[in-house]
Structure formats: structure tokens, C-alpha cells
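Comments concern the structure below.
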Amino acid sequence: MSDTLYQEINFDGLVGPTHNYAGLAHGNVASMRHGGLASNPREAALQGLDKMKSLADLGYAQGVLLPQQRPDLGALRDLGFTGSNAQVLKAASEQAPQLLRAVCSASSMWTANAATVTPSRDSGDGRVHFTPANLQSSFHRYLEPATTGRILGAIFADDGHFAHHPALPATPAFSDEGAANHTRLCDGHGGPGVHLYVYGRQAFGGDGVEPHRYPARQTLEASQAVARQHGLSEDQVVFAQQHPDAIDAGVFHNDVIAVGNGPVLFYHELAFRNEETVLDEIRAKLSTPLIPIRVPLEAVSLEDAVSSYLFNSQLLSNDDGSMTLVVPGECQENEAVWNALQNAILAGPNPIGEVLVKDVKQSMRNGGGPACLRLRVVLSDAERAALSGRVMMSDTLHAELGDWVKRHYRDSLTPADLADPQLAEETLAALDELTRLLKVGNVYAFQR
């Protein structure tokens, strides 16, 4: 599933042992709807592993990224809780239960938010560039960037091939949610790319047209800063404002309303505020004809788009020039969405020849579909050979990770269980073993 020199690898986030439904993400309708319910961390992790393995079996390059250290006891101590781990957890559960839920969040499973990545084919210095997202819009995700940077630095360690940037300043002006608001369009993965950055609001200036119900999590200024860090020129980038109505309907990231791959852009009518202007600029800068696949509002409502996560799908390239769309099972359960897939995708003049349905219900209930679960990294053969650790999916690795999950993960977890000090001990032991299994070194704070 590659062109001559370059290949896209999807690095999926391994669901962590504290996967729970705390309803922390304001503006994420699925997360809020399921807040307080019991989750099944074991099932969630196994569902994620099965998705990775099934795509690897089809020939797609598939990697895995580690979860965060949770609960983040250091964050609780920074906020004034003292004593032993058990005392800190007890005090937090009694005095600030929402803080406890936040420091136990397994949201790093959605690695589309981990970072923004620019391939060496496009970057200013010919290296692959990474910028961890600061995720400053929500406290539970703001805790992630430091560990994310260490994990990415451990896997992409060769500075002859890889460049790592600090996360942007964690202020509202530079609010950055990573690759969930970034799409690279190109002819083939090894060809020159145009980088579509989608933002919800402008921090300095702008015309004030923004969502009213839910916050816009990505700023224009953040997207521009990441593009500068990675050495991208003006003719390589397009900055587009997300439609405010979509954000207010629960489209908290662009990857909930649009997905692109190669020259194909599959999007909803209300994905972009100035649709035609955005498409015209992409066409002017793209080295190959753009193939837009537009789903009109009359075919799929914003409510159906959000509930089914139709656009939060993976769009993958095949060796024969065709593409495969990987959708969550909820798309098949929604008649309007399923009909739109048949009409807009399979019956249309485009490269998408197959739709694969995957069960990721544990993730979906917390607000993340197939596209949320993966970070796309385009690598040359030499760059792939320079990877560190043992992170590429294989039959052996899948079996070992599955066994690890079954030994360490609980099959039921409620928000009330998060105060259990035994859960913290179980999680740290599991993560310590995981770093040895994946051979990435000591990336967690408790190991350092």
C-alpha cells in the first residue's frame, strides 16, 4: 500500500487501562451523552488492537503508540493534594471529583490529536517534523503533550531523519488540537503535498464569525505557527475556517466533518465556512486535480454526521490506485448515512472502491471514531528503517499486546472506581511492562 519511495503509516493509540466515560469534553456530543456510564477498558483496548491488526492484515502499514500515564498523580499534587497515592486519590475524589476524572482520562487513545506531522517530502529541511498539540482547550488533554513528546521522541529518535518541536504556548491564542484539524492532499504519498489547516476562530483580528454554543478549539494563529515550524511555504498551505454551524452541532474537530487522502477530499456541505474559496485555493496549489466528494445537507444532517461519525473515517490508498474507506459500525446503523455512502462513494466517479465497517463502540461512546484513533505519518523507506522501538503491528506483536491487555485491564470501570488506589498500582505496573514490550525506554514520569 505504498508508492515507490514513501508510505503512509497509521499509528493508532493503544487504549489505556483507565478508559472511562467521564463526559469531560464540552462540545463532544457523544462524550457528554455517555458521561457517568460504566466502560469496559479491556474491550476498548482489544477493539482498537483488532482494528490495527485487520488493517495490517490487508497490507496497510500500521503502528502503535503508547497511552499516557494515568492517573496523573503528579498533576493532582501540583494542584495541592498531598500524602500517599491513596491519600491523594481519596482527597481528590471527595473534594474535586471532576479533577480526579480528568487526571484518569484515557483520551490519548485519539492520537489524531497527539501532534501535527509534516513529511520530509514537504518540509523545509527534508526531515519529518512533529509538533505535539498543546490541547489547552481542556484540562484533561492539556496533561498530555509532555509525555506525547517523549513517546514520539523515543520512536522517531534519529535526528538525521526526524525533527521535534515544542508544543505551542498553552494559551487560547495558540490553541492547537493537532492532526485532527490538518489534512495533507497530494497525488501520491511521495509527491508534493498541499497542507489544509482548518481552524475554528482567529485570535487576533478576524470578523467575529464564530460558533456560539460550543468553543472553537483550533485557532488560525496556531495552525500558522505549526506550518512555520515545519518550514512550509505559502504555496504549500491552505488555511480554512470550519463552519461555525458545524462546531455548534458537535463537530469539535475538522476530522468529524471531512477526511482527505491523496487528491480526494470527502466532506460535508457545512465543513468549511467558505467552501468554494477553500476548494479553489486547494486546486490552485495542488499538483494534481482535486477530487472533491461533497455530501449535501439534504442527504446527511449535521446531527447524523456527528452521531454516525461518517467523516471520522480512515481513507486509505491501495497499490492499484483505488482507496478504501474505513467507517465505524454506527454508519451502517443509520439509514441516511448508509445511503449516502452508497450514493456519494461507491456509485460516484472517484477512487474509493470499498467501504470497510469496524466495531469501535467503546471509543465511539467517548467521542472518537476510526480517524480519531490514528496519527498519519508518511515515511520514506530509509525513515521507516530508522524507527526505534518495536511499534509496527505484526501477528506476534498483536498477540503479545492482546495478552498484556487481558492480564492488566479491567472489564468494567465507573467514574467511582477511579479513586481506587489499586487501580493506580495496576496501571503503573501495566505501563512499565508495556515500555519493555515495545522497547521504547523510560517515557513515563514515574520511570524517570
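The values are calculated or read from the model by the stated rules, or taken from the named source; none is laboratory data. This is a predicted model, so every value here is computed, not measured. Methodologically, a virtual Cβ is constructed for each residue, glycine included, from the backbone with ideal geometry; neighbour enumeration extends over all protein chains shown. Keep in mind that these areas ignore ligands, DNA and RNA; they rest on the heavy atoms of the full protein, side chains included. Shrake-Rupley method; radii C 1.70, N 1.55, O 1.52, S 1.80 Å.
Restricting to the stretch 200-221, name every residue that is buried (at least 17 other Cβ atoms within 10 Å of the Cβ), of a type in the set (Lys, Arg) and in a loop (DSSP other than H, G, I, E, B).
Answer for the stretch 200-221, where residues must be buried (at least 17 other Cβ atoms within 10 Å of the Cβ), of a type in the set (Lys, Arg) and in a loop (DSSP other than H, G, I, E, B): just ARG217.
For GLY178, indicate whether it is open to solvent by less than 10 Å² (accessible area, probe 1.4 Å) and either free of Cβ contacts under 8 Å to residues at least 24 places away in the same chain or at positive phi (or both).
Numbers: open to solvent by less than 10 Å² (accessible area, probe 1.4 Å): yes; either free of Cβ contacts under 8 Å to residues at least 24 places away in the same chain or at positive phi (or both): yes.
For GLY178, the condition - open to solvent by less than 10 Å² (accessible area, probe 1.4 Å) and either free of Cβ contacts under 8 Å to residues at least 24 places away in the same chain or at positive phi (or both) - is met.
Is one or more of the residues making up the stretch 416-425 at pLDDT below 95 and open to solvent by 30 Å² or more (accessible area, probe 1.4 Å)?
Checked the stretch 416-425: at least one residue is at pLDDT below 95 and open to solvent by 30 Å² or more (accessible area, probe 1.4 Å).
Whether any residue in the stretch 72-87 is modelled with pLDDT under 95 and part of a loop (DSSP other than H, G, I, E, B) is what I want to check.
Looking through the stretch 72-87, none of the residues is modelled with pLDDT under 95 and part of a loop (DSSP other than H, G, I, E, B).
Here are some conditions: (1) among the small types (Gly, Ala, Ser); (2) modelled with pLDDT of 95 or more; (3) surrounded by 20 or more Cβ atoms within 10 Å (Cβ to Cβ). GLY368 meets all but one. Which one does it not meet?
Evaluating GLY368 over (1) among the small types (Gly, Ala, Ser); (2) modelled with pLDDT of 95 or more; (3) surrounded by 20 or more Cβ atoms within 10 Å (Cβ to Cβ) leaves (2) as the failure.
Can you name the residue in the stretch 384-407 that is among the small types (Gly, Ala, Ser) and surrounded by 15 or more Cβ atoms within 10 Å (Cβ to Cβ) and is also farthest from PRO41 (Cα to Cα) among such residues?
So, considering only residues that are among the small types (Gly, Ala, Ser) and surrounded by 15 or more Cβ atoms within 10 Å (Cβ to Cβ), the one farthest from PRO41 (Cα to Cα) is ALA386.
Which ones in the stretch 69-91 are open to solvent by 20 Å² or more (accessible area, probe 1.4 Å) and either polar (S, T, N, Q) or touching a residue at least 24 places away in the same chain (Cβ under 8 Å) (or both)?
Those that are open to solvent by 20 Å² or more (accessible area, probe 1.4 Å) and either polar (S, T, N, Q) or touching a residue at least 24 places away in the same chain (Cβ under 8 Å) (or both): GLN69, ASP72, GLY74, THR82, SER84, ASN85, ALA86, GLN87, LYS90.
Tally time: how many residues in the stretch 107-125 are open to solvent by 10 Å² or more (accessible area, probe 1.4 Å) and in a loop (DSSP other than H, G, I, E, B)?
Count: 7.
Tally up the residues in the stretch 365-405 that are in a helix (DSSP H, G or I) and touching a helix residue (DSSP H, G or I) at 6+ places or on another chain (Cβ under 7 Å), please.
From the stretch 365-405, those in a helix (DSSP H, G or I) are 381-385, 395-405; that's our starting set.
Subsequent filtering for residues that are touching a helix residue (DSSP H, G or I) at 6+ places or on another chain (Cβ under 7 Å) retains 398, 400-402, 404-405.
So the count comes out to 6.
Scan the stretch 146-188 for residues that are part of a loop (DSSP other than H, G, I, E, B) and of a type in the set (Val, Ile, Thr) and jot them down.
From the stretch 146-188, those part of a loop (DSSP other than H, G, I, E, B) are 156-161, 165-171, 175-177, 187-188; that's our starting set.
Once the filter is applied, which keeps residues that are part of a loop (DSSP other than H, G, I, E, B) and of a type in the set (Val, Ile, Thr), the stretch 146-188 yields only THR171.
Only residues that are open to solvent by less than 20 Å² (accessible area, probe 1.4 Å) and either touching a Cys at 6+ places or on another chain (Cβ under 9 Å) or assigned to a helix (DSSP H, G or I) (or both): list them for the stretch 222-249, please.
Within the stretch 222-249, ALA222, SER223, ALA225, VAL226, ALA227, PRO244, ALA246, ILE247 meet the criteria.
Among the residues of the stretch 126-137, are any open to solvent by 20 Å² or more (accessible area, probe 1.4 Å), touching a residue at least 12 places away in the same chain (Cβ under 8 Å), within 20 Å of CYS372 (Cα to Cα) and assigned to a loop (DSSP other than H, G, I, E, B)?
Initial filter on the stretch 126-137 (open to solvent by 20 Å² or more (accessible area, probe 1.4 Å)): 126-127, 136-137.
Subsequent filtering for residues that are touching a residue at least 12 places away in the same chain (Cβ under 8 Å) retains 127, 136-137.
Adding the requirement that they be within 20 Å of CYS372 (Cα to Cα) leaves 136-137.
Those still in the list that are assigned to a loop (DSSP other than H, G, I, E, B) too: 136-137.
Yes: one or more hits.
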